[in-house]
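Okay, structure first, notes after.
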Amino acid sequence: MSVKTIKVIGDQINNAYARARKAFEARDPAGYQVLAKMQADKGADSIDLNIDGTQRISVRAEEMLAFLPIVVPAIQAVTDVPICFDNPGYDYHRVGLKALDRSKCARKPILNSLAASRTQLPEMIQLVKDYDLRCVIMASEKFLPEGGGAQCFQPEESYATVLQFVDLLVTKANRAMEDIIVDPGLAPVGADTYGLVNIGLDTMRLITADPKLKGIHFSVGLTNFAWGTPKGVRDLLEQAYLTIGSEVGLDMALANIEREPQPLPADHPIVTELRAALEAGRRAEGESAEEAGFRQAEKIMEICAPYAE
């Protein structure tokens, strides 16, 4: 069986990375151009633009909004690979998209992301329509009857969320299935005490089994998956997840393209071990999610042991 190719949303323009953080601190458009061109040259399908704060740097909303009209044209000056605007706030997307020259985009840009808890969700959906965008929807957060959102703990809840978003995007934003990218959620596999990795995989299974949703895309934030594991095994674990995810529909990933984030062969030993660990994380009858989650964590520790630093 041939290995599926994953389209990469390059994640290097993020203040979690030193090069991006240095460029932001200096408000240096040239630094962003280097990162954008590098990712484009390595084959990124789109380039994520996230200039928000992290644990290492505090960034005020006003600082982001002031810099977007500078950095967006700078990126477009060096590549026509589309930008994926990545922020939960409406104003970020409004300002960033206003600075965008659509004539310089090889494909539709991406609004990342729509979620049930977004305070200006209707306005964000309107941007998707007005700018003819692809968009990422968060399947891990369900709509509450009284408004807002909450974490999904069952794949059926995530599937229902996707159906609600698809209805909104088709009727309110005139989107086709090909314009919609579902993020099913991805937790650090070694600390996944609620079975969130399996919930995400099962959500993709439900969606791909629905003929009404044919053509929809899936993406995950891949760097989350191997967080906390030894450096020597992180890439392998991420690639093994891509193998398992691609079997149920995953075709995109927000990832570090320099680390060659592509699936391993299905019979690779790490893939086999990860499958077993995830299966161990499924609850038996009468068992709590935490009990199953700790069993999964033990299996992940066994995988990581030979790579311990």
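General remarks:
- Filtered residues of the range 33-88 (kept if within 25 Å of Met138 (Cα to Cα) and among the acidic types (Asp, Glu)): Asp45, Asp48, Asp52, Asp86
- Tabulated pairs, the range 14-43, first closer than 20 Å to Asn112 by Cα, second among the aromatic types (Phe, Trp, Tyr), C-beta under 6 angstrom, 6+ apart or interchain: Asn15/Phe24
- Residue that is surrounded by the fewest Cβ atoms within 10 Å (Cβ to Cβ), among those in the range 172-194 that are touching a strand residue (DSSP E or B) at 6+ places or on another chain (Cβ under 8 Å), among the charged types (D, E, K, R) and not in a loop (DSSP other than H, G, I, E, B): Glu178
- Residues in the range 277-309 that are of a type in the set (Gly, Ala, Ser) and farther than 19 Å from Leu186 by Cβ were compared, and the one that is modelled with the highest pLDDT is Ala305.
- Residues of the range 237-263 that are among the hydrophobic types (A, V, I, L, M, F, W, C), surrounded by 22 or more Cβ atoms within 10 Å (Cβ to Cβ) and assigned to a loop (DSSP other than H, G, I, E, B): Leu250 alone.
- Of all residues in the range 122-153, those satisfying the criterion of being within 19 Å of the chain's Cα centre (by Cα), more than 24 Å from Val95 (Cα to Cα) and part of a loop (DSSP other than H, G, I, E, B) are Ala139, Ser140, Cys152, Phe153.
- Within the range 104-121, tally of residues that are of a type in the set (Gly, Ala, Ser) and either more than 20 Å from the chain's Cα centre (by Cα) or assigned to a helix (DSSP H, G or I) (or both): 1
- Candidates Ser58, Ser46 - the one that is of a type outside the set (Asp, Glu) and touching a residue at least 40 places away in the same chain (Cβ under 8 Å): Ser46
- Every residue from the range 39-50 that is surrounded by 15 or more Cβ atoms within 10 Å (Cβ to Cβ), in a helix (DSSP H, G or I) and of a type outside the set (A, V, I, L, M): Gln39
- Annotation note: of Ala36, Ala30, the sole residue that is in a helix (DSSP H, G or I), closer than 19 Å to Phe67 by Cβ and in contact with a helix residue (DSSP H, G or I) (Cβ under 6 Å, 6 or more places away or on another chain) is Ala36.
The values are calculated or read from the model by the stated rules, or taken from the named source; none is laboratory data. All values reported here derive from a predicted model rather than from experimental measurement. A quick note on method: Cβ atoms are made from the backbone with ideal geometry, for glycine too, and the neighbour counts reach across all protein chains shown.
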